[in-house]
Amino acid sequence: MINYRTYSYEENEHLFGPGKRLLLFTQGCSLRCKGCVNQHLWEFGVGKNISTAELVKLCMDTDGVTLHGGEPLDQAEGLYGFVKTLKANGKTVVLFTGYLYKELNSIQRKIWNLSDIVVSGRYIEDKRNIYLQFRGSTNQRVYVHKGKYSNYKIKDGKTVAILRLSEDGVMQSRGFRTDEFEQLLKEIIKTNEEH
Ligand code: SF4
């Protein structure tokens, strides 16, 4: 079982990895980096539970999964079976983790090694940089493993934010919220209130 907050299907390579991906936000993080934008994902056990089989089914029409958090590797016992089954079905795994490889136990290392791309390291507020692909601060590192994405090149130098408005009026944003983005958001909210 994996405890998660939300999942969605995403196709923004700059933020989540190549192709169409299931973006899974796991619930719970023991690392608690200062300035983390996902603090609502820190507490353990307050999300929804999903089985490996259900998750695999959700990935069948995609290139694979992007594991985000929260801290996915804090649920390594549950995630390992899922990652292994996905890879056996020819899918790819992009792992975002706050841990460094040297900090991992053996099951966490297995997940790291099976992943096609790993983004690793704590978020450090003083090193924030919004122009990096996949990373929020300059200390974080990207590892591209052998396999489907061997030739994948990291493209730094631009920033991406996505704003999504559902039919029932719920707004969701992903990526880096620049001042321009915040301004745009305010204008949209104001226009909505006027109608
Ligand atoms: S590891 Fe990720 S989710 Fe956890 S506190 Fe750090 S930035 Fe936030």
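Counting Lys +1, Arg +1, Asp -1, Glu -1, what net charge surrounds residue 127 among other residues with beta carbon under 13 Å of its beta carbon? Write down the numbers at each step before the final one.
On the way: positive: 34, 122, 128, 135, 141; negative: 125, 126.
With Lys, Arg at +1 and Asp, Glu at -1, the neighbours total +3.
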Problem - Segment residue 1-residue 102, length gained on full extension (0.36 nm per residue, minus Cα span) - result: 33.8 nm
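Given the DSSP H assignment, sum -39500 (n - 2.57) over each helix run of at least 4 residues in the chain and divide by its residue total; what's the result at 222 nm in deg cm²/dmol, nearest 500?
-7500 deg cm²/dmol
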Fill in the blank from the handout: One finds, for residue 9 and residue 127 with R0 = 30 angstrom and r their Cβ-Cβ distance, a FRET efficiency to the nearest 0.05 of 0.45
Fill in the blank from the handout: Excluding residues fewer than 8 positions from residue 186 in its own chain, the aspartates and glutamates with Cα under 16 Å of it are 194
Practice task
Please report, in debye to the nearest 20, how large the charge dipole of the chain is about its Cα centre when each Lys and Arg carries +1 at its beta carbon and each Asp and Glu carries -1 there.
Solution key: 940
Fill in the blank from the handout: Taking N as the number of residues in the stretch 7-60, the ratio of its alpha carbon radius of gyration to 2.2 N^0.38 Å works out to 1.32
Problem - Surrounding net charge for residue 164, when Lys and Arg each add one and Asp and Glu each subtract one, Cβ distance under 13 Å - result: -3
Handout entry: Residues in the stretch 67-104 reached by a label modelled at residue 53 [backbone nitrogen below 19 Å; 7 Å Cα→Cβ]
Key = 78-89
Practice task
Give a quick list of chymotrypsin sites (Phe, Trp or Tyr not before Pro) in the stretch 82-186 that DSSP marks as loop, anything other than H, G, I, E or B, with at most 14 other Cβ atoms within 10 Å.
Solution key: 131
Handout entry: Axial C-alpha extent at least 24 Å, average Kyte-Doolittle at least -1.0 - helices from the chain (DSSP)
Key = none
Problem - Proximal lysines to residue 127, defined as alpha-carbon separation beneath 18 angstrom and excluding residues fewer than eight positions away on the same chain - result: 34, 158
Completion exercise
Contour minus Cα-Cα span, residue 183 to residue 167, at 0.36 nm per residue, comes to 3.5 nm
Practice task
Treating cross-link reach as a plain straight distance, find the lysines whose alpha-carbon is under 20 Å from the alpha-carbon of residue 84, omitting any fewer than eight places away in the same chain.
Solution key: 20, 57, 110, 146, 148
Handout entry: Formal net charge of residues neighbouring residue 193 (Cβ-Cβ distance under 12 Å; K, R +1; D, E -1)
Key = 0
Fill in the blank from the handout: The Rg/Rh figure for the chain, Cα atoms and Kirkwood Rh, to two decimals is 0.96
Problem - Residue (of 50, 89, 101) at the positive-pole extreme of the stretch 42-103, dipole from beta-carbon charges - result: 89
Problem - Burial ordering of 63, 179, fewest other beta-carbon atoms within 10 Å first - result: 179, 63
Problem - R0 of 35 Å, Cβ-Cβ distance residue 158-residue 30: FRET efficiency to nearest 0.05 - result: 0.65
Fill in the blank from the handout: Gyration tensor on Cα atoms of the stretch 81-136, a ≥ b ≥ c root eigenvalues, a/c under 1.5 rounded, else prolate if a/b beats b/c, else oblate, says oblate
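Rule-based calculations on the coordinates, nothing more; no lab input. Please read these numbers as outputs of a predicted model, since none were measured by experiment. Cβ sites come from the backbone with ideal geometry, for glycine too, and all protein chains shown count toward neighbours.
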